[in-house]
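Here is the structure we will look at, set down as structure tokens.
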Amino acid sequence: MAVSFQTVAEWAAKFGRESARAIRRRSRGSLADKWHLDEMVVAIKGKKYWLWRAVDADGHVLDALIQSRRDKTAALRLMRKLLKGQCVAPRVMITDKLRSYNVARREIMPSVEHRSHKGLNNRAENSHRAVRRRERGMIRFKSAAQCQRFISIHGPIANLFHLQRKKTTPAEHRKL
């Protein structure tokens, strides 16, 4: 039996949000207390949008948000969404050199330790691969709303297939 691309897209549109919500609910308490935050540019119909993403220390996507700005208010919006979804503040927050993160963190979570360094934030940079892959193929996003739907569904579902490589030896990994 062959399943077409259109069928999968219709299933994702119909069941994706519900599945992602159930997955988030199940995995809420098991995430690490170190957040990596990053942003990347996404071009939609010739206009720049910023995809803000938060990843925990194990590489699980906590949340993602598409916005037209890259300033303090955008960073505040991301952090509020993260705190609402995770229900607990992180111990450490790692970002790139964008100063908006530090300003927003001081306002919302002043007790959280902040580390700002280009090399430390590779975990968040790697989580952008799915969006880059979709951009590279000619399956571009048609609107900001479509991009937000894709990233909000893709993150929790991708977390299901994320292997804990740190916790298994190479021999155990091959047995999986």
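The values are calculated or read from the model by the stated rules, or taken from the named source; none is laboratory data. All values derive from a computational prediction rather than experimental measurement. In this analysis, Cβ positions are derived from the backbone assuming ideal geometry, glycine residues included, and neighbour counts consider all displayed protein chains.
Things to note:
- When the stretch 97-137 is filtered for residues that are modelled with pLDDT of 65 or more, over 20 Å from ASP33 (Cβ atoms) and among the acidic types (Asp, Glu), only GLU107 remains.
- Considering the stretch 39-75, the residues that are surrounded by fewer than 17 Cβ atoms within 10 Å (Cβ to Cβ), modelled with pLDDT under 90 and not acidic (Asp, Glu) include one that is nearest to PRO156 (Cα to Cα), namely MET40.
- Residue check: LEU78 meets all listed conditions (1) more than 16 Å from the chain's Cα centre (by Cα); (2) surrounded by 18 or more Cβ atoms within 10 Å (Cβ to Cβ); (3) hydrophobic (A, V, I, L, M, F, W, C) but one, namely (1).
- Flag for GLN6 being polar (S, T, N, Q) and at pLDDT 85 or above: no
- Per the conditions (1) under 16 Å from GLY155 (Cβ atoms); (2) surrounded by fewer than 19 Cβ atoms within 10 Å (Cβ to Cβ); (3) modelled with pLDDT under 90, the sole criterion not satisfied by HIS36 is (2).
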